[in-house]
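Asker: Dropping a structure here in structure tokens format, bear with me for questions.
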Amino acid sequence: MKPRVRFAPSPTGHLHIGGARTALFNRLFALKTGGTYVLRIEDTDELRSTEDSVKAIFDGLQWMGLSWQEGPLPEGGEHGDFGPYFQAERAKRGIYQPFIDKLLSEGKAYHCYCSTEELDEMRRRAQLEKRPPRYDGRCRQLTAEQKAAFQAQGRKPVLRFRMPDDGVTEFQDLIHGSLRFENKLLYDFIMVKASGYPTYNFACVIDDHLMQISHVVRGDDHISNTPLQYQLYKALGWEPPVFAHLSMILGPDGTRLSKRHGHTGVQEYRKMGLLPEALRNYLALLGWSTADSQQIFAPGELESKFNIEGCQKSPATFDPVKLNWMNGEYIRQLSADQLLERALPYLQEAGVGVGADREYLKKVVCLEQEKYKLLAEIPKLVDFFFLPEPVFDAKSVEKVLKKPEAPAVLEAMRKKYAALGDFTEGPLELEARACAKELGLKAGQVFHPLRVAVSGRTEGPTLFRMLEYLGREKVLQRLEKAAALCAV
Ligand code: GLU
């Protein structure tokens, strides 16, 4: 049978970069093996799950090009034979009930009436006595009278799984190898909350089984849940899926990647101007590599090269500098038309080049293609082409336009360019060099004030192409105006 894998996010925030990596690995695994990649929304946390978050997951996955073959459809409805794909909806339809009944009737689950205070006290005592702070199983053997008494007090029970007291839980993880847990260190986890909602550990097992998931590929922060889930499979007489826990992602300081390290949401990377294909490439290398440590993958190559054997169990470090470098590599590979297409939303957002001729915009945007790392930096780099006047950077003015020779240079260049027949790169440069000679200056002493006068800054695209694209009228106007900024 072909593998069936799933990405099962909880909609309690944005789509985290770690979640996107899990989705990517599941998708790559499915594509490589001819299997199916399912999306399931684990929204059983009724307090923290939100519709906005579901939307953020859909949007994030779609933007990243990680569309799923089976699951809910963003426009409503669903695709696949194993729905509903929202756990809250599955709970509403009573899908979990027969399994609850079965475990209860077989004595593999029981009602627990302990209050929060009692549980806190239990934990405190365990800590004092240096025991692991696990539930002590005091409600395992309640009599009918005890239960009735608790109910009379208005207590609402949770349902706990009866964990075996002895023995070990052992399974093979495709990435971590053999994992072994002493059952006495596990605990009677809650399957159903007092609200009647299933917990993650319970619903996840039932759904993975009912949805015929063959491989559970997820972050290794779930390793500690796996023995609990494994025991539940056994209790229900089911064959557990194969597990593959992906390595942890650390921030540059060696602690687990979190908000403290900066951006963690996929949408934030979109805003910054990452190309989804670059982000995919980067995330693929967080915990996976080819034998020859290939860095950049051509379209379709990740899909054909990905394999679970190449996944490492040691933590991966998220390196924003490398991510930006990789994005720059992808930007350089774009054709002029593609770059314009990708840059347009960022230009529009910044209000730069609105209404400009498309071909002109393309030429301008491509001027510095080899330098870009992020699409969102493009508007600031090209804005002076479109503004009525450049925004002058104070330091550049001080350093360049306040030089004693600057007024004479600007005046001479304005005259030369006004008289120049062919206002293109080559002749524009010849005129500037001639001016330097005539005034007894070095070429740089002419080039620098020219650049600052027309763009407001000391850095930018190739000077004479930039002047050509700006056009005679703007260049002359700006040379004249900039004269006022020079020292008198
Ligand atoms: N809902 C869980 C999470 O978002 C999924 C864990 C799993 O894949 O089993 O972390």
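Asker: Sort out which residues of segment 444-469 are farther than 16 Å from GLY421 by Cα and touching a Phe, Trp or Tyr at 6+ places or on another chain (Cβ under 7 Å), and write them in order of number.
Answerer: SER455, GLY456, LEU463, listed by residue number.
Asker: Related question: Report, by residue number, each residue of segment 206-222 that is part of a helix (DSSP H, G or I), open to solvent by less than 10 Å² (accessible area, probe 1.4 Å) and within 9 Å of the ligand (Cβ to nearest atom).
Answerer: ASP208
Asker: List every residue pair whose Cβ atoms lie under 9 Å apart, where the two residues are 6 or more positions apart in sequence or sit on different chains, the first residue falls within segment 85-101 and is free of Cβ contacts under 8 Å to residues at least 24 places away in the same chain, and the second residue, located anywhere, is in a loop (DSSP other than H, G, I, E, B).
Answerer: As it stands, the answer is GLU89/ASP43; GLU89/GLY83; GLU89/ILE95; LYS92/PRO84; ARG93/PRO84, since those pairs meet every condition given.
Asker: For SER49, all conditions in the list (1) at pLDDT below 95; (2) open to solvent by less than 40 Å² (accessible area, probe 1.4 Å); (3) within 27 Å of LEU302 (Cβ to Cβ); (4) of a type outside the set (Val, Ile, Thr) hold save one; what is the number of the exception?
Answerer: (3)
Asker: Determine whether GLY60 is away from the ligand (no atom under 12 Å from the Cβ) and either in contact with a Gly (Cβ under 7 Å, 6 or more places away or on another chain) or among the basic types (Lys, Arg) (or both).
Answerer: So GLY60 fails the test.
Asker: Same structure, new question: Kindly indicate whether any position in segment 362-376 is farther than 21 Å from TYR469 by Cβ, of a type in the set (A, V, I, L, M, F, W, C) and touching a Ser or Thr at 6+ places or on another chain (Cβ under 6 Å).
Answerer: no
Asker: Give segment 104-116 a look and list any residue that's in a helix (DSSP H, G or I) and either under 39 Å from the mean Cα position of the chain (by Cα) or hydroxyl-bearing (Ser, Thr, Tyr) (or both), or say none.
Answerer: Within segment 104-116, SER105, THR116 meet the criteria.
Asker: I've got another one for you. When only residues in segment 244-264 that are away from the ligand (no atom under 14 Å from the Cβ) and outside any loop (DSSP other than H, G, I, E, B) count, which is least open to solvent (accessible area, probe 1.4 Å)?
Answerer: LEU250
Asker: Let me ask something else about it. Being within 14 Å of the ligand (Cβ to nearest atom) and surrounded by fewer than 21 Cβ atoms within 10 Å (Cβ to Cβ) is the filter here, so list the residues in segment 229-243 that pass it.
Answerer: TYR230, TYR233, PRO240, VAL242, listed by residue number.
Asker: Okay, next question. Determine which single condition LEU128 fails, assuming it passes every other condition in (1) more than 16 Å from the ligand (Cβ to nearest atom); (2) touching a helix residue (DSSP H, G or I) at 6+ places or on another chain (Cβ under 8 Å).
Answerer: All conditions are met except number (2).
Asker: Determine whether segment 399-415 contains at least one residue that is open to solvent by 20 Å² or more (accessible area, probe 1.4 Å) and closer than 30 Å to ASN324 by Cβ.
Answerer: Checked against the condition, which is being open to solvent by 20 Å² or more (accessible area, probe 1.4 Å) and closer than 30 Å to ASN324 by Cβ, segment 399-415 yields at least one hit.
Asker: Tally the residues that are assigned to a helix (DSSP H, G or I) and not aliphatic (A, V, I, L, M), restricting the search to segment 118-132.
Answerer: The total comes to 7.
Asker: Now for a separate question. Could you count how many residues in segment 346-372 are assigned to a helix (DSSP H, G or I) and without any contact (Cβ under 8 Å) to a residue 24 or more places away in the chain?
Answerer: Selection size over segment 346-372: 4.
Asker: When you check LEU28 against the structure, is it open to solvent by less than 60 Å² (accessible area, probe 1.4 Å), within 13 Å of the ligand (Cβ to nearest atom) and under 20 Å from ASP208 (Cβ atoms), yes or no?
Answerer: no
Asker: Where the second residue is part of a loop (DSSP other than H, G, I, E, B) and of a type in the set (Lys, Arg) and the first is within 11 Å of SER455 (Cα to Cα) and lies in segment 386-402, which pairs have Cβ atoms under 9 Å and are six or more apart or on separate chains?
Answerer: Qualifying pairs under 9 Å: PRO390/ARG457; VAL391/ARG457; PHE392/ARG457; ASP393/ARG457; SER396/ARG457.
Let's see how each residue does on (1) open to solvent by less than 60 Å² (accessible area, probe 1.4 Å); (2) under 28 Å from ALA244 (Cβ atoms); (3) under 12 Å from the mean Cα position of the chain (by Cα); (4) of a type in the set (Gly, Ala, Ser):
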residue: VAL266; (1), (2), (3), (4): yes, yes, yes, no
residue: LEU279; (1), (2), (3), (4): yes, yes, yes, no
residue: SER293; (1), (2), (3), (4): no, yes, no, yes
residue: GLU341; (1), (2), (3), (4): no, no, no, no
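Asker: If you check LEU367, LEU340, LEU441, which single one turns out to be within 24 Å of LEU476 (Cβ to Cβ) and in contact with a Leu (Cβ under 9 Å, 6 or more places away or on another chain)?
Answerer: The unique qualifying residue is LEU367.
Asker: Which residue out of VAL54, VAL5 is more than 12 Å from the ligand (Cβ to nearest atom) and either open to solvent by less than 40 Å² (accessible area, probe 1.4 Å) or within 24 Å of THR199 (Cα to Cα) (or both)?
Answerer: Step by step, each of VAL54, VAL5 is checked, and only VAL54 is more than 12 Å from the ligand (Cβ to nearest atom) and either open to solvent by less than 40 Å² (accessible area, probe 1.4 Å) or within 24 Å of THR199 (Cα to Cα) (or both).
For every residue, the table says whether it meets (1) within 30 Å of SER214 (Cβ to Cβ); (2) part of a loop (DSSP other than H, G, I, E, B); (3) in contact with a strand residue (DSSP E or B) (Cβ under 6 Å, 6 or more places away or on another chain).
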site: ARG134; (1), (2), (3): no, yes, no
site: CYS139; (1), (2), (3): no, yes, yes
site: GLU145; (1), (2), (3): no, no, no
site: PHE150; (1), (2), (3): no, no, no
site: ILE175; (1), (2), (3): yes, yes, yes
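The values are calculated or read from the model by the stated rules, or taken from the named source; none is laboratory data. Everything quoted here is computed from the prediction, not taken from an experiment. In this analysis, Cβ positions are derived from the backbone assuming ideal geometry, glycine residues included, and neighbour counts consider all displayed protein chains. Protein only, heavy atoms only, side chains kept; ligands, DNA and RNA dropped before computing areas. Shrake-Rupley method; radii C 1.70, N 1.55, O 1.52, S 1.80 Å.
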